[in-house]
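Data block below; observations after.
The values are calculated or read from the model by the stated rules, or taken from the named source; none is laboratory data. Because the structure is a prediction, the values reported are computed rather than measured. Cβ atoms come from the backbone with ideal geometry, glycine included; neighbour counts cover every protein chain shown.
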Amino acid sequence: MDKKGLRGNQSATVDDKGRLKVPTAFKAIIEGQYGSELYLTSLTGESLRIYPMSVWLEVEARLEAMPSMHPARRKFLDRTSYFGQLGEFDAQGRVSIPWRLRDAAGMTGEVDVLGQINFLEVWNHERKAAAIDRDKLTDLDWDALSQFKV
């Protein structure tokens, strides 16, 4: 099977009950390659990350290689656990966003769903537009990307 990455940006809506209707193209790739089990979390509370469970398990395996008391590991796990929740697509292709994260990230109404190769990132539209404007690519960024031939 030809592996397809999650890429691009699609608009979606978070309903009054906090459910995100995942765009059909993204849902099809996730279910086709990874199944329907998900881990929903955030690193900062500004956005939602939707990981296929097998991808999240790979992240956890890499974290297990770090000493359990390493400050970066603890901070990462504190945040991803605080905002985190197991999830699954319902029959209509929706996922429930944890209330704590929905509140912190301003997840209501129209949102942007961005493909990040093997997970999705969901942003309040206005917040993402402001972040793109604020976080310009610098010469250091371009140098780092060129090291990976991007």
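Looking at Glu60, Glu88, Glu64, which one is more than 27 Å from Arg127 (Cβ to Cβ), under 18 Å from the mean Cα position of the chain (by Cα) and surrounded by fewer than 18 Cβ atoms within 10 Å (Cβ to Cβ)?
Just a single option satisfies the conditions, and that option is Glu60.
Would you point out which residue out of Pro52, Pro98 is modelled with pLDDT under 95 and surrounded by 15 or more Cβ atoms within 10 Å (Cβ to Cβ)?
Working: Pro52 fails: modelled with pLDDT under 95.
Unique residue meeting the criteria: Pro98.
Mind listing just one residue for me: the one in the range 55-81 that is in a helix (DSSP H, G or I) and of a type in the set (A, V, I, L, M) and, of those, farthest from Ala104 (Cα to Cα)? It would help to see each step written out before you state the result.
Kept after step one, since they are in a helix (DSSP H, G or I), are these residues of the range 55-81: 55-64, 71-81.
With the extra rule that they be of a type in the set (A, V, I, L, M), the set shrinks to 55, 57, 59, 61, 63, 72, 77.
Working: Val55: 24, Leu57: 25, Val59: 23, Ala61: 28, Leu63: 25, Ala72: 22, Leu77: 18 Å.
Looking at the filtered set, the residue picked out is Ala61.
Name, by its number, the condition in (1) surrounded by fewer than 18 Cβ atoms within 10 Å (Cβ to Cβ); (2) modelled with pLDDT of 95 or more; (3) in contact with an Asp or Glu (Cβ under 9 Å, 6 or more places away or on another chain); (4) not acidic (Asp, Glu) that does not hold for Arg127.
(2)
Within the range 1-29, count every residue that is touching a residue at least 40 places away in the same chain (Cβ under 8 Å), of a type in the set (A, V, I, L, M, F, W, C) and not in a loop (DSSP other than H, G, I, E, B). Working first, answer last.
If we filter the range 1-29 for residues that are touching a residue at least 40 places away in the same chain (Cβ under 8 Å), which is where we start, we get 5-15, 17-24, 26-27.
Retained after the next criterion (residues that are of a type in the set (A, V, I, L, M, F, W, C)): 6, 12, 14, 20, 22, 26.
Restricting the remaining residues to those that are not in a loop (DSSP other than H, G, I, E, B) gives 6, 12, 14, 20, 26.
Of the residues in the range 1-29, 5 are touching a residue at least 40 places away in the same chain (Cβ under 8 Å), of a type in the set (A, V, I, L, M, F, W, C) and not in a loop (DSSP other than H, G, I, E, B).
Can you give me the number of residues within the range 22-49 that are surrounded by 17 or more Cβ atoms within 10 Å (Cβ to Cβ) and either of a type in the set (Gly, Ala, Ser) or within 19 Å of Asp112 (Cβ to Cβ) (or both)?
So the answer is 13.
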